[in-house]
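The values are calculated or read from the model by the stated rules, or taken from the named source; none is laboratory data. These numbers were taken from a predicted model, which means no experiment stands behind them. Methodologically, a virtual Cβ is constructed for each residue, glycine included, from the backbone with ideal geometry; neighbour enumeration extends over all protein chains shown.
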């Protein structure tokens, strides 16, 4: 009889420990999901900023190339006219 009571108490104790561990696992899982979502959002923001910076740099390079081309036109025209003389 005492053995049965001890086993029942042990079973109750194991059940409550199982429930506590389940709750702990669920809390850890929710926290891990939240951290993952936060990291993913941060990575997306960083990617967007880097992409924007690259596009700005590309535009600046295009403007510089166009400016150089425009500055070279008079020199090319001058050379072609002096060669004809």
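Right, residue 80: loosely packed, with under 10 Cβ neighbours inside 10 Å and either more than 46 Å from the chain's Cα centre (by Cα) or modelled with pLDDT of 95 or more (or both) or not?
yes
Determine, yes or no, whether residue 7 is in a helix (DSSP H, G or I) and modelled with pLDDT under 90.
Taking the combined requirement at face value, the residue satisfies it.
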